[in-house]
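The values are calculated or read from the model by the stated rules, or taken from the named source; none is laboratory data. All values reported here derive from a predicted model rather than from experimental measurement. Every residue, glycine as well, gets a Cβ built from its backbone with ideal geometry; the counts of neighbours run over all protein chains shown. Accessible surface areas use protein heavy atoms only, side chains included; no ligands, DNA or RNA. Shrake-Rupley method; radii C 1.70, N 1.55, O 1.52, S 1.80 Å.
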Amino acid sequence: MTQIRLIDIKKDILAENRMEADEIRQKLRGNGVFMLNVMSSPGSGKTSLLLRTIAALGKELRMGVIEGDIESSVDAEKIARTGTPAVQLRTGGACHLDAPMIGAALNELNLAELDLVIIENVGNLVCPAEFDTGSTLSAVILSVPEGDDKPLKYPLIFTVCQVLIINKTDYLEGSDFDLAALKDRVYRLNPEIRIVEVSCKTGNGMESWTDLLRKEVADNRD
């Protein structure tokens, strides 16, 4: 009987990706740059959060943005209108950003002139959680209209992220979204995760988010 040789392609791809991600982290450390990876479902408010963050911290931190989308450059154009350097990554079908893509984007930014790079990952809660981008910090956004059951359906992303941003809290009143149940589910997956509640529409809670990010960037310099 002919022997069958099994090759675990996914395992090999992830291992190679982690190696390149570690190289990216070393490069960022060498330039004193902090990199934030923001992940979420489509429509949860990633771009709105970035625009609010740029407005709040743009005068004290030099920022650059890497935008990931399957197609279009709509979000990068919005960022560029703020005067913030932006690089658009069009994946052409890939549902995530990985370390080689981020490495290519960083080559288009002058790291010597930046304190903070923010990645807006491709919108979904599955694939982006599997690929290390080389970021210093990873955050996931969950918006109230998506429901409080997402940690049950997509546990990995809540496990690998250090911050959960609950957005669109202006929808809480009158909704059946159970904030306490959500937090309990997330803390069971990741007891160390930090949770911030915001409304990018009204601005409520944004100061808590920007204070957290400001401190993370400062601590990264020490």
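When region 42-71 is filtered for residues that are in contact with a Cys (Cβ under 8 Å, 6 or more places away or on another chain), over 25 Å from Glu113 (Cβ atoms) and open to solvent by 20 Å² or more (accessible area, probe 1.4 Å), the ones remaining, listed by number, are Ser48, Ile70.
Here Leu156 fits the description: surrounded by fewer than 17 Cβ atoms within 10 Å (Cβ to Cβ), touching a residue at least 12 places away in the same chain (Cβ under 8 Å) and part of a helix (DSSP H, G or I). Only residues that are touching a residue at least 12 places away in the same chain (Cβ under 8 Å) and either over 21 Å from Val144 (Cα atoms) or open to solvent by less than 70 Å² (accessible area, probe 1.4 Å) (or both) were counted in region 198-222, giving 15. Just wondering, is there one or more residues in region 72-89 that are open to solvent by 10 Å² or more (accessible area, probe 1.4 Å) and under 18 Å from Trp209 (Cα atoms)? The answer is no; no qualifying residue exists.
Residues in region 116-126 that are touching a residue at least 40 places away in the same chain (Cβ under 8 Å) and in a loop (DSSP other than H, G, I, E, B): Asn121, Val122, Gly123, Asn124, Leu125. The residues in region 45-89 that are within 15 Å of the chain's Cα centre (by Cα), of a type in the set (Asp, Glu) and not in a helix (DSSP H, G or I) can be counted, and the count is 2. The set of residues from region 99-115 being open to solvent by less than 30 Å² (accessible area, probe 1.4 Å), closer than 17 Å to Glu23 by Cα and in a loop (DSSP other than H, G, I, E, B) comprises just one member, Leu109. Note on region 160-187: residues that are in a helix (DSSP H, G or I), among the basic types (Lys, Arg) and touching a helix residue (DSSP H, G or I) at 6+ places or on another chain (Cβ under 8 Å) amount to 1. Evaluate the following for Ala21: is it open to solvent by 10 Å² or more (accessible area, probe 1.4 Å) and among the small types (Gly, Ala, Ser)? Answer is no for this residue.
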